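**Q** Structure incoming, see below.
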Amino acid sequence: MSQIPIIPENAPFTKEQRAWLNGFLASWLGEVTSGGASEPVTEGAPLLVLYGSQSGNSEGLAKKIGKLASTRGFDPRVLGMDAIKPADLAAESQMLVVTSTWGEGEMPDNAKDFWHGISNGSSPDLKSTNYSVLALGDTNYADTFCYAGKIIDQRLEELGAKRIHPRVDCDVDFDDLAEEWINEVFKKLDTSAPASSTTAVVSAPEAKPEGYSKKNPFPSKLLENRELNLEGSAKDVRHIALSLEGSGLEYEAGDALGVVCQSDHQVVEQLCNALGCSGDERVETPDGTEAPVKEAYQNSYDVSKITPAMVKLFAALCPDSDLAPLLDKERKSELNDYLWGKYPIDLIKELKPQGLELAAFTETLKKLVPRLYSIASSPKAHPGEVHLTVGAVRYEYEGDARGGVCSTFLADRLPEGETTGVFVQKSHGFRLPENLETSVIMVGPGTGIAPFRAFLEERKATEATGKNWLFFGDQKSKTDFLYQEELEAFQASGILTRLDTAFSRDQKEKVYVQNRMEEHGKELWQWLQEGAHFYVCGDASRMAKDVDAMLHTIAQTFGAMDEDAAVAFVKKLKTDKRYQRDVY
């Protein structure tokens, strides 16, 4: 008979008491169900799985590793980096670290204090710790690719920890590399530690048919594509509704939706012409199969991104060009300026590289990966559907129309009634409070309104009694007040307690959501003192940083705190899961 622990880790017992009870109950249940004595119960080797996660990818991987570790005889603990003190690491014999990097090489929110703890002078001695690091990043940010994982890996080694397997750095399409890393580290982990006779061994679960997921997206029908901006707006934001009927997919307010997209067929056609190929030639696809060039470029490769590998290839083929000298590290900003707005086709047209081979060029392209969008609906309000708020990215480069691959795919190239692949990306760190009496403060300018529309629908459906305060901002009130009628209806019904808006171009001096926060700082502080949760969604590089800075300022101004106390207060909000961010 397979044995499982019965007393959970959060039960009010010591580890020894819990182990004894698990052993006793497992043994007793075995006798009841089999009519005889149960199999011996042994304790697996301890394994700490730490994660630093901003959007949920690292957390999801860490939990997957924890489940797998249980089936292999380990005794795993899966913790966010904010749930452990660096000094406690010295007691860990085996540790796996999974962390993402966001923004311009920044640590995830839940990893910042952990990094500070292991990088300062009072860092722990980890000579008895074996470890390996899996880093998630985005090669579009070449200079800071997987930076958080790299420096954590280096620092653990400096503290004496022994690396059992080399760090693996993953791009946004991380599944295959992550799986390889997981398999390799489990081959090298020490499972020969002496076993106790008190804790149950968890047997491998029976294989279940895989449902719809990132590797097997659900073909979702487009139900609605509605413009949210009015005539005269400089933006093009769409309300996108997709069907989940028959998918078995479930989501919660706060989750994200992965959307499979295609490259613009016109861009593919132009690229083939520039390469001098018919489009029928066969090339290798990212999954190792072969397909005609046009098919591969439309469905499998991102033909809008100039990659570092592509830059190196073109510089080698065109040594006398303006591009080659820009590869000097000291001229990085000049290179970025030179490449800004360009597609690969622009490099071909401008540089006219001699001897450019189709296969070599294809190898420099990035895989076309699904895009993640914050879900803008509550499943309780829209059963069988999922909604998105998508800002179509559009610009011109030397007279040619350009745009974001997935945003323009949804806005322009996916007809209503047609399908595209989707999957749910759980966002464990962006959730409404479980207590329906708790108040929430939401800051979501522009398309950052998406999860807060979902939050408000959820609060209505669950009859939450806590107050709800929304800060929304955009360019012009007449053209860019996204979901205006819905928000005003929420306000009229009492679901939305307060709505403060900041339209930056309605007056001479620009006004942003952080300015509105400051104007109402006294009341905002009072809400926080009463236990309100604080949420932010939107641009990471500017808005989220400005809002965070204003939160510190409000703590100092209205909480009579000095700078250090304000920092400690905001950290406590994050630790208590009362300050959560969905930023990109």
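**Q** Restricting segment 87-111 to residues that are modelled with pLDDT of 90 or more and in a strand (DSSP E or B), which is farthest from the chain's Cα centre (by Cα)?
**A** Here the answer is Gln94.
**Q** Taking the condition of being surrounded by fewer than 21 Cβ atoms within 10 Å (Cβ to Cβ) and outside any helix (DSSP H, G or I), how many residues in segment 112-126 meet it?
**A** Counting residues in segment 112-126 that are surrounded by fewer than 21 Cβ atoms within 10 Å (Cβ to Cβ) and outside any helix (DSSP H, G or I) gives 6.
**Q** Could you say which residue among Asp564, Asp506, Asp582, Asp500 is open to solvent by 70 Å² or more (accessible area, probe 1.4 Å) and not in a helix (DSSP H, G or I)?
**A** Of Asp564, Asp506, Asp582, Asp500, the one residue that is open to solvent by 70 Å² or more (accessible area, probe 1.4 Å) and not in a helix (DSSP H, G or I) is Asp506.
**Q** If you don't mind, another one. Does segment 29-37 contain any residue that is at pLDDT 90 or above, open to solvent by less than 20 Å² (accessible area, probe 1.4 Å) and over 30 Å from Ala544 (Cα atoms)?
**A** Within segment 29-37, not a single residue is at pLDDT 90 or above, open to solvent by less than 20 Å² (accessible area, probe 1.4 Å) and over 30 Å from Ala544 (Cα atoms).
**Q** Residues of segment 364-406 being open to solvent by 10 Å² or more (accessible area, probe 1.4 Å), of a type in the set (Gly, Ala, Ser) and closer than 22 Å to Gly444 by Cα, which ones?
**A** Answer for segment 364-406, where residues must be open to solvent by 10 Å² or more (accessible area, probe 1.4 Å), of a type in the set (Gly, Ala, Ser) and closer than 22 Å to Gly444 by Cα: Ser374, Ala381, Gly391, Ala392, Gly404.
**Q** Scan segment 216-232 and give yes if some residue there is open to solvent by less than 30 Å² (accessible area, probe 1.4 Å), modelled with pLDDT of 90 or more, part of a loop (DSSP other than H, G, I, E, B) and not charged (D, E, K, R), otherwise no.
**A** Checking segment 216-232: at least one residue is open to solvent by less than 30 Å² (accessible area, probe 1.4 Å), modelled with pLDDT of 90 or more, part of a loop (DSSP other than H, G, I, E, B) and not charged (D, E, K, R).
**Q** Can you name the number of the only condition in (1) farther than 28 Å from Ser504 by Cα; (2) open to solvent by less than 20 Å² (accessible area, probe 1.4 Å) that Glu281 fails?
**A** Only one criterion is unmet by Glu281, namely (2).
**Q** With the requirement that a residue be free of Cβ contacts under 8 Å to residues at least 60 places away in the same chain and closer than 14 Å to Arg238 by Cα, what does segment 382-398 give you?
**A** Val393
**Q** Would you mind stating whether Glu486 is open to solvent by 30 Å² or more (accessible area, probe 1.4 Å), free of Cβ contacts under 8 Å to residues at least 60 places away in the same chain and under 22 Å from Ser374 (Cα atoms)?
**A** yes
**Q** Which strands (runs of 3 or more DSSP E) does segment 314-423 wholly contain that include 2 or more residues that are of a type in the set (A, V, I, L, M)?
**A** 385-391
**Q** For the structure I just gave you, tell me whether Phe409 is within 26 Å of the chain's Cα centre (by Cα) and either within 16 Å of Leu257 (Cβ to Cβ) or modelled with pLDDT of 95 or more (or both).
**A** Spelling it out, Phe409 is indeed within 26 Å of the chain's Cα centre (by Cα) and either within 16 Å of Leu257 (Cβ to Cβ) or modelled with pLDDT of 95 or more (or both).
**Q** Something else now. Go through the residues of segment 50-58 one by one and say whether even a single one is out of contact with any strand residue (DSSP E or B) (no Cβ under 8 Å at 6 or more places or on another chain) and in contact (Cβ under 8 Å) with a residue 12 or more places away in the chain.
**A** There is no residue in segment 50-58 that is out of contact with any strand residue (DSSP E or B) (no Cβ under 8 Å at 6 or more places or on another chain) and in contact (Cβ under 8 Å) with a residue 12 or more places away in the chain.
**Q** Turning to a different aspect of this structure: Please indicate, with yes or no, whether at least one residue in segment 543-557 is of a type in the set (D, E, K, R) and outside any helix (DSSP H, G or I).
**A** No.
**Q** Among the residues of segment 292-303, which ones are touching a helix residue (DSSP H, G or I) at 6+ places or on another chain (Cβ under 8 Å) and either at pLDDT below 95 or not in a loop (DSSP other than H, G, I, E, B) (or both)?
**A** Listed by number, the residues that qualify are Val293, Lys294, Ala296, Tyr297, Gln298, Tyr301, Asp302.
The values are calculated or read from the model by the stated rules, or taken from the named source; none is laboratory data. Values in this document were obtained by computation on a predicted structure and should not be read as measured data. Every residue, glycine among them, receives a Cβ derived from its backbone with ideal geometry; neighbour counts consider all protein chains shown. Calculation scope for accessible area: heavy atoms of the full protein, side chains included, ligands and nucleic acids excluded. Shrake-Rupley method; radii C 1.70, N 1.55, O 1.52, S 1.80 Å.
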